[in-house]
1. Could you grab me the full set of residues in the stretch 46-66 that are over 16 Å from Phe35 (Cα atoms), part of a helix (DSSP H, G or I) and either β-branched (Val, Ile, Thr) or in contact (Cβ under 8 Å) with a residue 24 or more places away in the chain (or both)?
2. Looking at the stretch 67-113, what helices (runs of 4 or more DSSP H) fall wholly within it and have at least 2 residues that are closer than 12 Å to Leu56 by Cα?
3. Give me the pairs, please: first residue somewhere in the stretch 80-92 and at positive phi, second residue anywhere and part of a helix (DSSP H, G or I) and surrounded by 12 or more Cβ atoms within 10 Å (Cβ to Cβ), beta-carbon distance under 6 Å, and either six or more positions apart or on two chains.
4. Hey, can you tell me all the residues within the stretch 57-109 that are under 20 Å from Ala30 (Cα atoms) and among the charged types (D, E, K, R)?
5. Looking at Val82, Val91, Val86, can you tell me which residue is under 14 Å from the mean Cα position of the chain (by Cα), within 19 Å of Leu33 (Cβ to Cβ) and modelled with pLDDT of 90 or more?
6. Going by the conditions given, is Ala59 touching a helix residue (DSSP H, G or I) at 6+ places or on another chain (Cβ under 6 Å), modelled with pLDDT of 95 or more and surrounded by 11 or more Cβ atoms within 10 Å (Cβ to Cβ)?
Amino acid sequence: MPLLRFLLQRSVRTLQDADLAGIFCVMAHAMTLEFGDDVLLATGQSPSQFADEARLLLAAKLYELGRVSSEQAAKLCGRTRVEFLVTLPRVGVAASNLSVDDLNEELAFARSG
């Protein structure tokens with residue numbers, strides 16, 4: 001199992017390095033969300049604050065559902081991965097999306113190693 005874990009980690013790292021090097025073509029898409037002043041009054045936010053929070057909440061929900069990685073979610077809301085993970089508890093989302101079985105497996109691996 002440790003060899004498999006190493007190979008998977010190495011593959012992911014290689015993909016991340018390729019992405020950072022600009023090898024992959026990234027297409028940018030935009031979404032428009034219309035909201036009125038009543039929403040701003042209810043939340044007590046400026047339009048830019050509301051837009052930032054909406055991006056964070058969308059990214060957090062997609063991460064929580066397992067549809068995107070923490071890195072993808074962080075990019076979606078314009079934060080670093082660490083900033084994104086640290087912010088998650090504020091919006092009621094767990095920073096780790098490991099199942100109990102996965103967590104136990106990770107702990108056993110860490111203890112053996």
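The values are calculated or read from the model by the stated rules, or taken from the named source; none is laboratory data. Note that the coordinates shown come from a computational prediction; the quantities given were computed from them, not determined experimentally. Please note: Cβ atoms are built from the backbone with ideal geometry, for glycine as well, and neighbour counts cover all protein chains shown.
1. Taking the stretch 46-66 first, the residues over 16 Å from Phe35 (Cα atoms) are 56, 59-66.
From the residues that got through so far, the ones that are part of a helix (DSSP H, G or I) too are 56, 59-64.
Matches in the stretch 46-66: Leu56, Ala59, Ala60, Lys61, Tyr63, Glu64.
2. Details: elements: 70-76, 81-87, 100-112.
Result: 70-76, 81-87.
3. Final answer for the pair search is none.
4. Listed by number, the residues that qualify are Lys61, Arg67, Glu71, Lys75, Arg79.
5. Values: Val82 fails: within 19 Å of Leu33 (Cβ to Cβ); Val86 fails: within 19 Å of Leu33 (Cβ to Cβ).
Just a single option satisfies the conditions, and that option is Val91.
6. On the way: touching a helix residue (DSSP H, G or I) at 6+ places or on another chain (Cβ under 6 Å): yes; modelled with pLDDT of 95 or more: yes; surrounded by 11 or more Cβ atoms within 10 Å (Cβ to Cβ): yes.
In short, yes.
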